[in-house]
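The values are calculated or read from the model by the stated rules, or taken from the named source; none is laboratory data. If you're wondering where the values come from, they're calculated on a predicted model, not measured in any experiment. Please note: Cβ atoms are built from the backbone with ideal geometry, for glycine as well, and neighbour counts cover all protein chains shown. Just so you know, the surface numbers come from the protein's heavy atoms only, side chains and all, with ligands and any DNA or RNA stripped out. Shrake-Rupley method; radii C 1.70, N 1.55, O 1.52, S 1.80 Å.
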Amino acid sequence: TRAVTPSDLARLRWPLEPAMRGDGGALAYVVSGPSAELDALAYDVVVVDLGGVGEWPDEVWRVEGCRAPKWSPDGDALACVKSVGEPGLVIIRPADRIRSEVYAEPMVDFDWSPDGFALAVLTLSAELVLIDAAGTRRQTLPAPDGARLVRWSPDGADLAVVGGTDGLDARPLVATVTLIDAASGSNREWFGWNGPLRNARWSPNGSALAMIGHDRGAAGWEQDGVWTLHRDSAAPVEMTAGHDLGFGRAVRGDDERALGLAPLEWTSDGSSVLTTVVDGGRSRIVRIGVHGELTDVVAGDRAVLELATASSDDRLPLVFTWSDPWHPGELSMLVDGVERQLTSVNDAWIGEVSLAPTVPIRANDPDDATAPVVEAWLTLPSGQPNPLVVQVHGGPHHPVGWRFSFDAQRLAALGFAVLRSNPRGSTGRGREYARAVQADWGGPDLRDVLAVTDAAAEHPSVDGERVAIVGESYGGFMAIWAAATTDRFTAAIVENGISEPLTLALGESGPNFWWLEFGASPQGDPDRYRNRSAAARVDQITAPVLLIHAEDDDNVPIDQSEILHRALIESGSPVRLHTVPGEGHMVNVFGRLSRRLARTTVFDAFLFEHLHPHLRPTGVPS
């Protein structure tokens, strides 16, 4: 075996978006991964036969450049969205190996009619277009504001469309469900609330809509629940009111799984729904009865990410994607309580490389005996002692944990121990834990980061005197805030980070978010924002700083790094700024492979300069 290298990023493959045929006999899913040829993420739909003999399912067809597969009700056809070239909707017929491009507009979502003769397409131009299976336009209807999800009712009479605002401007976050008559086009707003809706599914008999979301505004610490909205009611009922858990969420990682719609499926008898839930650094699948009964379906020390079921089998054949610290991701199936792995898309690569072990550690805030225990994960290279890289996740509410981290493995191969943790502010530990940093970014969360850093430094494989702190977005805020308020870290890397919260809150990147996170408006209490400005504390920063920022970042505009860069230069502090052209906030998930590798080169060279000055492996520039 050999060490992991940055170029191995192009070897990773992620199964995602599983779709089970209604009879349970076939499965479609997507295989994605960075493509050196495309210099972008590639997506292929794979269709497999689940009824064949043998350990692994037989691949029936691979459809390149397509994603988001959905089976027709009769199971004869599969629709998917083009991911390469001009936008469009594709229908494939696996039995006949026929592929037809039937629609050619950018779209947000689509759904089959129950009779399989039509599809409803939500377009980026705010229209709801009904087409037949040959692509002929039947009807064009106006879509509600912010429409992003369409679901055809089981009787074919109505279309439920989820819309609303996203809460990232001066308007509050509002979610709506509009019911549109499929024949006449008449519509009525069925439901609306102040909060997000992350998915919706009709019950098998069409009497109710299951939804995931919450009615408590745009606060990132609020936990989503599962609700049912009955046809004869305008007020949903929360099935999960008695549980302090975040439903529909999953542990975050290197790829886009867990960034999109919340997983949500009904069981075929309509007695319960299935979704994921985050519990610490794990995410699992649970079954929720209509009266709130909760049963584990798939669990373990891993991150379960997505799920799909067959509609016609009460034995509950269940397909799910998952990852753990040693597997980038695979697909497995559960039938009658027996789990069977369906894919092995990363086995060849895993067989080539030496993956570093990841061990859990725990720590407490030493200044607060009542503070909750903080969970963390330490990825350890061979040899000792090794410098430590402390990675802080974004959000601040997005949890990490028992999921593969390519960055952790890549850095471990270079001789760096890597620490990831869920300090206060992270979801997965209950609402109060996630809310603990409201109006106090850089308070209890920083104490937790320092506590797990000290705990990791006690490991015999770690050199606690050579420690860098790195992070993206909110993690970037934490990295530079820690450098400005402590002397614990040898170096800091800030990616798409926040250095001047007041400037950001007064800009266009989401005042509602900032008012909630900081507990006051920037106009009403600007000092609350100024007091968390690392840019105002540059005279206290002695550690060298690397700033990495995507030029097209709309969430955290590049001026956040430019302001800090100028201030550090003026103070005489060592600082570098590396900009990433043509990329946005999620460059390390969706960015071009060449730009991600260029970022890695700068990142690694900086770490070697300040943590490993006498050891620079081949390929890492000075």
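Remarks
- Conditions (1) basic (Lys, Arg); (2) more than 30 Å from ASP454 (Cα to Cα); (3) at pLDDT 95 or above; number of the one not met by ARG362: (2)
- Odd one out for PRO114, checked against (1) touching a Gly at 6+ places or on another chain (Cβ under 9 Å); (2) part of a loop (DSSP other than H, G, I, E, B); (3) closer than 30 Å to LEU506 by Cα: (3)
- Of all residues in the range 573-584 being surrounded by fewer than 21 Cβ atoms within 10 Å (Cβ to Cβ), closer than 14 Å to ILE548 by Cβ and not basic (Lys, Arg), the one that is nearest to the chain's Cα centre (by Cα): GLY584
- If only residues of the range 331-379 that are in a helix (DSSP H, G or I) and acidic (Asp, Glu) are counted, the one that is nearest to the chain's Cα centre (by Cα) is ASP347.
- Listing of strands (runs of 3 or more DSSP E) fully contained in the range 129-207 that carry 1 or more residues being of a type in the set (Ser, Thr, Tyr) and surrounded by fewer than 21 Cβ atoms within 10 Å (Cβ to Cβ): 137-142, 158-165, 174-181
- For the range 487-500, the candidate set comprises residues that are part of a loop (DSSP other than H, G, I, E, B) and touching a residue at least 40 places away in the same chain (Cβ under 8 Å); within that set, the residue that is farthest from ILE548 (Cα to Cα) is ASP487.
- Number of positions in the range 219-234 that are hydrophobic (A, V, I, L, M, F, W, C) and surrounded by fewer than 18 Cβ atoms within 10 Å (Cβ to Cβ): 1
- Which listed residue, of ARG410, ARG403, is in a loop (DSSP other than H, G, I, E, B) and open to solvent by less than 10 Å² (accessible area, probe 1.4 Å): ARG403
- Residue pairs whose Cβ atoms lie under 6 Å apart, sitting 6 or more positions apart in sequence or on different chains, and linking a residue in the range 598-622 that is open to solvent by less than 40 Å² (accessible area, probe 1.4 Å) to a partner that is modelled with pLDDT under 95 and part of a loop (DSSP other than H, G, I, E, B), are ASP604/VAL620; ALA605/VAL620; ALA605/PRO621; PHE608/ARG616; PHE608/VAL620.
- The listed residues are ALA308, ALA356, ALA303, and the only one of them that is under 22 Å from ALA3 (Cα atoms), of a type in the set (Gly, Ala, Ser) and either at pLDDT 95 or above or touching a Pro at 6+ places or on another chain (Cβ under 7 Å) (or both) turns out to be ALA356.
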